[in-house]
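Okay, structure first, notes after.
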Amino acid sequence: MTQIFAHRGYSASYAENTLTAFKEAEKAGADGLELDVQLTKDGEIVVIHDEKVDRTTTGKGFVKDFLYKDLRKLNANKKNNKMEPIPALTEVFEWLCTNNLLCNIELKNGLIPYKGMEEKVIQLIHKYKLVDRIIISSFNHYSIVYSYSIAPEIETAPLFLEGIYMPWVYTKAIRAKGIHPKYSAMSDEIIIKTIENGIAVRPYTVNKEVDLQRLFNINCTALITDDPVKALKIRKQFEKRP
Ligand code: G3P
Ligand code: CA
């Protein structure tokens, strides 16, 4: 059965990358979450997609220029006019310890090469005993390889915007267990062949009914969607199949 990961939480209906969006994804019945991390000036791992706080919060500027205590004053739920801070990764982990969700952490270190990000994230994964429930992904494949080199026990998965030739060869070469492609970048045939070669495939960001159906139909490992409720409803139709 294809697992459903809630992209930035249940972001179709709640402010992305907030504890509310994560909790609502769990309530909806998602199998896992996808979230993005950046690093503050004083080295706190925080859950926010962009390098800057401008789009999703009431503040302005780069995450890397904020002290954590100042970043916490910003509202990450400004659309609903309800105060909700940018979560620290530790807060999300504390809550993850109360459930069984899987969690895909995307290291947002492609534009800003945050020094020590991998070590910090990995140290927290160990502290909260979440090794078996976390997948580290990134568009920065050097960071994926580095993460594996310091913590081979934690699953890694490179992100791709475009298709590559024989993705299972590359994925195995960098010792990753999975691949997270843009949903339109891999044909059914290549997804099936990659899975047959022992590599998990979790395409992002799958929101249209036709695309969700396509991936459930081929029994893709997982998919990453903004709308876990919609995805779960469609998956039900496939569960009834003989
Ligand atoms: O992890 C998949 C997806 O989240 C990558 O793109 O921009 O939504 O972080 P983006
Ligand atoms: Ca992401």
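See the values below:
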quantity: Pairwise centroid distance, computed over Cα atoms, of region 179-230 with region 1-50, Å; calculated: 19
quantity: For region 67-122: rounded, prolate or oblate by the Cα gyration tensor [a/c cutoff 1.5]; calculated: oblate
quantity: Apportionment of accessible area to carbon and sulfur, region 3-239, percent (1.4 Å); calculated: 53
quantity: Selection from 138, 35, 168, by position along the positive dipole direction of region 3-239 (Cβ); calculated: 35
quantity: q = 0.10, 0.12, 0.13 Å⁻¹: log10 I(q)/I(0) that the Debye formula gives for the chain, counting C-alpha atoms only; calculated: -0.45, -0.65, -0.77
quantity: Over the chain: helical MRE at 222 nm, DSSP H runs n ≥ 4 each giving -39500 (n - 2.57), nearest 500; calculated: -9500 deg cm²/dmol
quantity: Model label zone, residue 64; criterion: amide N under 11 Å from point 7 Å along Cα-to-beta-carbon; scope region 10-39; calculated: 39
quantity: Dipole-positive endmost among 81, 20, 105 within the chain (Cβ charges, Cα centre); calculated: 81
quantity: Region 1-157: relative contact order in percent, alpha carbon pairs under 8 Å with at least 6 residues between; calculated: 19
quantity: Unit charges on C-beta of K, R, D, E only; dipole of region 121-242, Debye; calculated: 320
quantity: Over 30 Å (Cα to Cα) - which of 69/182; 129/177; 52/120 fall in this group; calculated: 69/182
quantity: Whole-number accessible area per residue in Å² for region 188-238, which is evaluated in the context of all protein chains at 1.4 Å; calculated: 45
quantity: Partners for residue 240 among lysines (Cα-Cα distance below 20 Å; same-chain residues under 8 apart left out); calculated: 230
quantity: Cβ crowding within 10 Å averaged over residues, with 194-207, 124-137 ranked highest first; calculated: 194-207, 124-137
quantity: Dipole moment magnitude, nearest 20 debye, region 1-153 about Cα centre, only Lys, Arg, Asp, Glu C-beta charged; calculated: 480
quantity: Simple spin-label estimate for residue 145 and residue 13 in nanometres, 7 Å along Cα-Cβ; calculated: 4.3
quantity: Antiparallel DSSP beta bridges within region 3-239, as percent of all bridges there, nearest 5; calculated: 15
quantity: Per residue value of the accessible surface for region 79-161 (all protein chains in place, 1.4 Å probe), Å²; calculated: 48
quantity: Backbone HN-Hα couplings from phi across region 148-154 [Karplus 6.51/-1.76/1.60, Hz, Gly and Pro as x]; calculated: 4, 5, 9, 8, x, 6, 9
quantity: Long-range amide H partners of residue 178 with built H, under 5 Å; calculated: 156, 200
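The values are calculated or read from the model by the stated rules, or taken from the named source; none is laboratory data. Remember, it's a predicted structure, so these values are computed and weren't measured experimentally. Using ideal geometry, Cβ is built from the backbone for each residue, glycine included, and neighbour counts are taken over all protein chains shown. In case anyone asks, the SASA skips ligands and DNA or RNA and just uses the protein heavy atoms, side chains included. Shrake-Rupley method; radii C 1.70, N 1.55, O 1.52, S 1.80 Å.
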